[in-house]
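The values are calculated or read from the model by the stated rules, or taken from the named source; none is laboratory data. This structure is a prediction, so every number in the text was calculated from the model and none was measured. Note that we place each Cβ from the backbone using ideal geometry, even for glycine, and neighbour counts take in every protein chain shown. Accessible surface is based on the protein model in full, side chains and every heavy atom, while ligands, DNA and RNA are left aside. Shrake-Rupley method; radii C 1.70, N 1.55, O 1.52, S 1.80 Å.
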Amino acid sequence: MTDMTSGTFSDPDITPPLHQAVPLGVQHVLAMFASNVTPSIIVAGAAGLAFGGAEQVYLIQMAMLFAGIATLFQTVGLGPVGARLPIMQGTSFAFVGVLAGVAATQGLGVALTACLIAGVIHFALGSVIQHLRWLFPPLVTGLVILAIGLYLIPVAIKYAAGGAATFQMEAESFGSLMHWSVALSVVIVALVLKFFTKGLLSNAAILVGLLVGYVLAFAFGMVNFGAVANASWLMVPAPLPYGFEFSLGAVIAVTLVSVVSAIETVGDASATTKAGAGREATDREIAGATYADGAGTAVAAVFGGLPNTSFSQNVGIVGMTGIMSRHVVTIGALVLIICGLIPKIGAVIASMPLPVLGGGVIVMFGMVAAAGLNVLTEVRMNRRNMVIIAVSLAAGLGLNLVPSAVQYLPGVVKTLMTSAVAPTALVAIVLNLVLPEEV
């Protein structure tokens, strides 16, 4: 069904005229660009990679390249893989807490190996995802998303103040007025554009905020373009850049987040068809979306990319424009792939001072927590459900804040218990199954 006069395209297989399709595709990229590259920057920092160094630039390149490739899995598809819907894929914030912890303690090799194995398991979920949804009602998924956001917010504050590494927090400039003025400029610009403008500017509010903060930081002499000058114009990704190192605890932790991510993707697929075509997603579309999620994560991990998932903000663009065309999002995917093959683009992003990034992630991580709260609004706040929320968050965030409380547990169990996300999810699932419903 298409309505050429109103510009509404509710059929995923219809393509608007090219002069409309290209700007719409770029709009999808702008809306998710900052959120897509940020997890790689944070995990790279946790792994101890030099800020602005070649290895960090490489991880940023992989974030762009494989967000594009994973999006093609969704929009173009390959056999059962892909929903063939306008679903934009990107590097998932949901995994940042777990992967940053693993990368800091066991290295990127272990973290990326866990992503690869979890991606394969995530792919396999495509055939059974409909039968697992009962384990993850809004009470559980909302709690997990909220825990992820609450875990990440202190990281955002540290970045805004000057950095999350020990030497950065011990520096005299940490928390300086210069750092906070740059970070707050990003927040203010992003909020003003988001709520007082419409269309492209509103959708790309955080990206524009980052650009404004970047310019201000440059004026303060905080930007070093040395890495940009040294970066090449073309890059070919290398398989297993950090080797293959197996850790059971890391695999279990990342896989648990993958299951939650898969449930989120089911929701995004359903929201996309509802917003763009006024219908429910079919079983084939839901399975295909999950297959694409897992395939995108596994393939990215082989080359140093972090897990991919569907981006909810792009679902909002479909609803706002009324354009359901998957080919529009395919154009966005091609833009990302081109960016991912040009290291100079990654070097420019990597040269962004941490307070600039901090301003952006204060908004982004806060929105993750808010998204969790939004899911929890679907839950009836009776005594049973409030107890589940209380105990799950206490266990997940408490053990993460005081990891020495479980220092005598075996390595695998300790990794899981201090990951914030895994204990929150496990406690919420178990309590939801065993505590009787209140009538």
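Remarks
- Beta carbons closer than 9 Å, at least 6 apart along the sequence or on distinct chains, pair a first residue in the stretch 111-125 that is touching a residue at least 24 places away in the same chain (Cβ under 8 Å) and open to solvent by less than 10 Å² (accessible area, probe 1.4 Å) with a second that is assigned to a helix (DSSP H, G or I) and charged (D, E, K, R) for 119/293; 122/293.
- Of the residues in the stretch 243-253, none is assigned to a helix (DSSP H, G or I), modelled with pLDDT of 85 or more, open to solvent by 30 Å² or more (accessible area, probe 1.4 Å) and not hydrophobic (A, V, I, L, M, F, W, C).
- Verdict on residue 173 being over 27 Å from residue 97 (Cβ atoms), open to solvent by less than 80 Å² (accessible area, probe 1.4 Å) and among the polar types (S, T, N, Q): no
- Within the stretch 188-199, tally of residues that are in a loop (DSSP other than H, G, I, E, B) and open to solvent by 70 Å² or more (accessible area, probe 1.4 Å): 1
- Those residues of the stretch 285-310 which are surrounded by fewer than 24 Cβ atoms within 10 Å (Cβ to Cβ), assigned to a helix (DSSP H, G or I) and touching a Pro at 6+ places or on another chain (Cβ under 8 Å), in sequence order: 287, 302
- Of everything in the stretch 205-230 that is of a type outside the set (A, V, I, L, M) and in a helix (DSSP H, G or I), the residue that is surrounded by the fewest Cβ atoms within 10 Å (Cβ to Cβ) is 226.
- Checking residue 73 against (1) open to solvent by less than 40 Å² (accessible area, probe 1.4 Å); (2) touching a strand residue (DSSP E or B) at 6+ places or on another chain (Cβ under 6 Å), the condition it does not meet: (1)
- Candidates 334, 357: the one that is among the aliphatic types (A, V, I, L, M) and over 22 Å from residue 300 (Cα atoms) is 357.
- The residue of the stretch 378-403 that is nearest to residue 188 (Cα to Cα), among those that are open to solvent by 70 Å² or more (accessible area, probe 1.4 Å) and without any contact (Cβ under 8 Å) to a residue 12 or more places away in the chain, is 401.
- For residue 218: the one exception among (1) modelled with pLDDT of 85 or more; (2) closer than 24 Å to residue 105 by Cα: (2)
- Where helices (runs of 4 or more DSSP H) fall wholly inside the stretch 30-126, the ranges with 2 or more residues that are touching a Phe, Trp or Tyr at 6+ places or on another chain (Cβ under 6 Å) are 108-124.
- Candidates 202, 185, 181 - the one that is of a type in the set (Ser, Thr, Tyr), closer than 27 Å to residue 332 by Cα and surrounded by 15 or more Cβ atoms within 10 Å (Cβ to Cβ): 202
- Only a single item in (1) touching a residue at least 12 places away in the same chain (Cβ under 8 Å); (2) open to solvent by less than 40 Å² (accessible area, probe 1.4 Å) is not met by residue 138, and it is number (2).
- Any hit, the stretch 163-183, residues being within 23 Å of the chain's Cα centre (by Cα) and either among the charged types (D, E, K, R) or assigned to a helix (DSSP H, G or I) (or both): yes
- All of 153, 148 fail the test of being farther than 20 Å from residue 240 by Cα and crowded, with 24+ Cβ neighbours inside 10 Å, apart from 148.
- Restricting the stretch 150-167 to residues that are modelled with pLDDT under 85 and hydroxyl-bearing (Ser, Thr, Tyr) leaves a set whose member that is nearest to residue 47 (Cα to Cα) is 166.
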